[in-house]
């Protein structure tokens with residue numbers, strides 16, 4: 001089932017469950033500002049299984065991503081993966097690149113039914129990646145984990161953050177993604193929350209160039225590409241007259257077109273709060289007290305985020321608002337209003353003469369290389 005075949009008023013294409021905020025790393029961009037210790041009020045194993053039961057009631061093959069922090073800070077993760085798989089869920093995971101990712105644990109996750117493992121590379125070498133992740137050895141541990149995942153038969157996804165500190169690394173990371181045999185490169189455009197507030201943002205013009213470059217990479221890459229918190233990648237692709245049938249490649253879990261916060265995407269925090277995304281921390285309620293399904297379908301915040309006509313500023317006037325809609329998380333981070341314009345988008349609709357998003361003096365680097 002493809003994302004564009006799902007009625008996102010009724011169910012998310014992606015449900016993220018932040019099983020813990022505990023992590024051994026102190027990454028520069030960390031949304032959760034993770035710490036080594038687990039929070040005492042995390043959802044328990046029993047509560048987690050109840051959450052997975054609720055997720056399964058959305059419909060067949062609901063995609064669930066176990067995230068963190070580092071999910072492997074919890075010993076019950078293989079049990080949760082197996083339980084979710086038995087309920088008919090597509091269980092995937094984004095562990096941290098630490099020594100917790102041993103070959104035995106990766107094989108155990110595969111045996112439990114995990115459908116995909118995603119690891120992060122924010123540099124193409126130990127020097128650049130480890131500096132970003134604030135942990136010596138993280139690069140080598142991540143590379144080894146990626147190779148073990150392939151040996152265990154787990155499809156591999158690579159996640160990369162785009163900001164001033166990483167942008168020059170993108171061509172080399174692209175080559176590494178291909179060398180590792182990944183099925184998908186997920187390119188995350190920084191949202192200034194958590195520790196990420198101190199990183200260097202890129203300018204809207206630079207973001208446009210990166211997306212144009214990603215379109216060119218996608219044309220012959222052996223892996224799919226998706227952007228996170230940059231739905232205007234779809235607008236860029238359309239403007240480049242990308243053929244709709246040969247556009248973004250299916251990636252093994254059904255994603256062909258993008259999704260946005262609250263519209264095809266939902267995030268359950270480690271303590272059960274339901275957010276439109278992990279980068280838009282405005283709660284619609286807590287799954288300990290209310291039905292996940294009812295909250296997603298009926299909460300006012302989620303209903304507003306699924307209405308392209310509710311968008312404001314140039315996003316509201318944009319002819320691409322039904323295929324893009326801008327990052328609601330970034331709009332919220334900059335203005336406190338998730339319906340405002342995404343300040344990372346440089347596109348101004350014809351005849352629009354209203355206010356433009358506040359800009360910033362970000363990096364002006366551009367991707368170089370073949």
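Readers should treat all values here as calculations from the given coordinates under stated rules, not as data from a laboratory. Source: prediction; values computed, not measured. Heads up, the Cβs are rebuilt from the backbone with ideal geometry, glycines too, and the neighbour counts pull from every protein chain shown.
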- [ ] Would you please put 214-224, 339-349 in order of how densely packed they are, using the mean number of other Cβ atoms within 10 angstrom per residue and starting with the highest?
- [x] 339-349, 214-224
Open item on the list: Only Cα pairs within less than 10 Å get springs; with that Gaussian network setup on the chain, which residue of 111, 353, 337 has the largest fluctuation?
Closed with: 353
- [ ] State the extension gain, in nm to one decimal, for the chain segment bounded by residue 7 and residue 353, taking 0.36 nm per residue of separation less the distance between their alpha-carbons.
- [x] 121.2 nm
Open item on the list: Restricting to Cα pairs below 8 Å that are 6+ residues apart, what does the relative contact order work out to for the chain? Please round to a whole percent.
Closed with: 19 percent
TODO: May I ask you to order 60-69, 282-291 by the average number of other C-beta atoms within 10 Å around their residues, highest value first?
DONE: 60-69, 282-291
TODO: Normalising by the residue count of region 54-106, find the relative contact order in percent from Cα pairs under 8 Å and 6+ residues apart.
DONE: 45 percent
Open item on the list: Quick check: from the Cα gyration tensor, does region 124-178 come out rounded (a/c under 1.5), prolate or oblate?
Closed with: oblate
Task: Centre separation in Å (Cα based) which lies between region 277-327 and region 66-105 - done: 28 Å
